Each structure stands twice: as C-alpha cells, then as structure tokens.
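One structure is given here, and the rest of the page talks about it.
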Amino acid sequence: MEITKIYQPSEVDQAAREIQLGELIAFPTETVYGLGADVNNEKAVLRVFQAKNRPADNPLNVTVANSEMVKKYVNQINDWGQKLIQNFWPGPLTLIFKIKSGSLPKVVTGGLTTAAFRCPDNKVTLELIEKAGTPIVGPSANTSGKPSPTSAQHVFHDMEGKIAGIIDDGPTAVGMESTIIDLSGDTPVIVRPGAISTTEIEKVLGMPIKMKKQASAEKYKHYNPNANVMMVSDSDWSDAIKWASQQMNIGIMATTNIIKKVPENVITYDLGENINSASRKFFAGIRELDSKGVDTILVQQFPEIGLGEAYMNRLRKASADQMWQLK
Ligand code: TXA
Ligand code: MG
C-alpha cells in the first residue's frame, strides 16, 4: 500500500513531478475526476488498469493541454476536428482520430489504430500536463464498473493506497463525462453522449450527426452500484412514493419538488432544481445512497435533450433499463 497524498492546486509542481517519475495522480476536470499517468510510460499505464481493475482491452483517452499536443500522434487533424476543437476545447468533448502507427504504446490504445483525445477545461490540470511535459492518460478515476467520481473524496474512497496522489479542486461543475465523437471514419459518430449535446455539435459541423446504437447488454459494466436502481416515470411518482414509504431500505433520488413530497422515513437524495444540478449530483447521489445500504434506488427521468441525453444514458446503464412499476 502506498500513501495517497491530497494536493492543493497550489502544489501542482509536486504532482507534475510524480507524473514524470511514473506515479499515478488523479486530477480534476469539469466533468469527473480522471486518473493520470505519463502516456509514454507503459509501466505507469499498466498500473492505471490495475488501480481501476479495468479490462486490458478497454482503451484509455489521451489527455492534452492544447491541440498542438495532438499533432505528435495524428497526421492531420481533419476539418471536423478543427471546427470542434475551435468551438469546444478546452471543454467536455473527446475526439477520436486515426493515429500515426506506433506513436502511442499499445497499452494505451488497446491496439486500435485510433485514439481518443481530451482537453479538459480545468486550469490546474492544464498546468499539470504542461509542467509534466507530456500528455497523460485520463480514464475516470473510479474503480471500473462503479459510478464516476465527482469529488476528490470519491477518488480517495476508490483509490486510497493505490495511487500517489489526488489534486483536490473541489466538486466538478458538470458531473457527466465528456461527449465522445469518432472522427476517424467516413462520417462523425457520437459514441458516448455527454456534456456537449448532439444539437450543439450539429450546429458547428453543419450536418446531422449519428449516435452510435447503445447495446442493451454492454461489454463493460457501468455505473453499477450495490443497490438495485430503477427509473420512475413522471406519472408514477405519487404511487412510487407511497410504495417506498411502506418498504424498508428504499432510497429516492429526484429534484426538490418531488423530494418535498417524500415522508421522512424514506432515505432521499435531492438532485436540486433542474437537469443541470441533477447531472452535477447524479454520481454523488448514487454513491451516497449506496453507502447508506439501501436495497433499491428510485431515480427521476429527464427529457432526452441537451444534458438530458447524457443523464438518461448514465441512468439507463445504472438501472439496466429497469422501470419501477406498481405491482
Ligand atoms: O469526461 C471524461 O471523458 C472523463 C474525464 C476524466 O476526462 N474521462 C473518461 O474516461 O470518462 P473513461 O476511460 O472513463 O471513458 C472513456 C471512454 C471509454 O469507454 C473507452 O472505451 C473509450 O472512451 N475510448 C477510448 N479510446 C477509444 C477509441 N480509440 N475508440 C473508441 N472508444 C475509445
Ligand atoms: Mg469511466
């Protein structure tokens, strides 16, 4: 076991030094916390897979401080890429490009001919990468299969003793992971909905964008708490609240207007006023209710527009598509 240090943003020099030494440092972004290591240090990258317990064939993103850093790995950033970088970087959009063969270790790409590039909108993390003098891998800093971490405390919970340090920059602003768009083929495809909506991307590229079909049985488990998660449709909330108040160990996660109607014997987590607060608090809520040992968590749905695309994608995965129904 190693001692996991908590760094303040003012201590970024020390954290950058650890990256250069081949150590693992968790870093803040606007979406969720990431787990960083020098992309070119294969031993360090392997330790990222171990710390997360992540399947070895699931590729890692390459987190950069600017688009210049991408050029070392990509022959030419195509027009789509240039437009999206111009409009959204630094920001919550990850871009997949074909890479120069051999430019990145296989452990990073899982042997693919493409790689995913991410430039987060977080001052201290951009400094971390600049000071380390290298891009870093940047998967979410959670144990594989568990909810993504939106605070340094969440990272500490999952990674204590496994990594050298965590840069604590407070809770993340967005709470949902970045949108991932594949620009390596004949047409752009969104492979993961995220903080940047399909509509925003379509506006910039001036064309309709396809969303990759989400397989119902995913290859990798996602956002999987110990509790059973169920979605509740808007018209079912009064029945669901009544049912929950007659059971033991049910948790309810919803916006304030719904939480207000829940009797005190039910464990609740308030998602705030709207989709923005709900997205920001979603993973923290799942973690908190899970830690209270509830058997079932009932969660509010949102319309699938804007941030709602990302929110509903995560909720569907966490619930394996289960809807609460009055029996
Ligand atoms: O917001 C985010 O993107 C966060 C923060 C920390 O930057 N990172 C993140 O990384 O969510 P991760 O590893 O948890 O999710 C990235 C996803 C993975 O599902 C991985 O399979 C996919 O990106 N991915 C990576 N490289 C890929 C590639 N070349 N082609 C297709 N998918 C790829
Ligand atoms: Mg992840």
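Is there a residue being within 30 Å of ASP13 (Cα to Cα), at pLDDT 95 or above and part of a loop (DSSP other than H, G, I, E, B) anywhere in region 177-190? The answer is yes; a qualifying residue exists.
Answer yes or no: is there a residue in region 64-85 that is within 16 Å of ligand 2 (Cβ to nearest atom), in contact (Cβ under 8 Å) with a residue 60 or more places away in the chain and buried (at least 24 other Cβ atoms within 10 Å of the Cβ). No, that holds for no residue. The residues of region 164-192 that are more than 14 Å from ligand 2 (Cβ to nearest atom) and hydroxyl-bearing (Ser, Thr, Tyr), listed by number, are SER184, THR187. Considering every residue within region 239-256, establish whether at least one is of a type in the set (Asp, Glu) and within 30 Å of ILE180 (Cβ to Cβ). Looking through region 239-256, none of the residues is of a type in the set (Asp, Glu) and within 30 Å of ILE180 (Cβ to Cβ). Pairing residues of region 149-165 that are within 14 Å of GLU288 (Cα to Cα) with residues that are assigned to a helix (DSSP H, G or I) and modelled with pLDDT of 95 or more, at Cβ distances under 6 Å and at least 6 apart in sequence or on separate chains, gives PRO149/VAL155; THR150/PHE283; THR150/ALA284. Is it the case that region 21-29 has a residue that's in a strand (DSSP E or B), within 16 Å of ligand 1 (Cβ to nearest atom), among the β-branched types (Val, Ile, Thr) and touching a helix residue (DSSP H, G or I) at 6+ places or on another chain (Cβ under 7 Å)? Within region 21-29, one or more residues are in a strand (DSSP E or B), within 16 Å of ligand 1 (Cβ to nearest atom), among the β-branched types (Val, Ile, Thr) and touching a helix residue (DSSP H, G or I) at 6+ places or on another chain (Cβ under 7 Å). If you go through region 30-58 and keep only what is assigned to a loop (DSSP other than H, G, I, E, B) and more than 25 Å from TYR223 (Cα to Cα), you end up with VAL39, ASN40, ASN41. All told, TRP89 meets the bar of being assigned by TED's automatic domain parsing to the domain that holds THR179, closer than 26 Å to ASP13 by Cβ and of a type in the set (Phe, Trp, Tyr).
For the residues ILE259, ILE267, ILE250, the requirement of being buried (at least 19 other Cβ atoms within 10 Å of the Cβ), outside the structural domain of PRO149 (by TED's automatic domain parsing) and of a type outside the set (Lys, Arg) singles out ILE250.
Residues that are within 13 Å of ligand 1 (Cβ to nearest atom), surrounded by fewer than 24 Cβ atoms within 10 Å (Cβ to Cβ) and assigned to a loop (DSSP other than H, G, I, E, B) do not occur anywhere in region 152-167.
Can you list residue pairs whose Cβ atoms sit under 6 Å apart, with the first residue in region 283-307 being in the same structural domain as ASP236 (by TED's automatic domain parsing) and the second being of a type in the set (Phe, Trp, Tyr) and not in a helix (DSSP H, G or I)? Count only pairs 6 or more apart in sequence or on different chains. Sorted first by the residue in region 283-307, then by its partner, the pairs are GLY285/TYR269; GLU288/TYR269; LEU289/TYR269; LEU298/TRP324.
The values are calculated or read from the model by the stated rules, or taken from the named source; none is laboratory data. As the structure is a prediction and not an experimental result, all values here were calculated from the model. Every residue, glycine among them, receives a Cβ derived from its backbone with ideal geometry; neighbour counts consider all protein chains shown.
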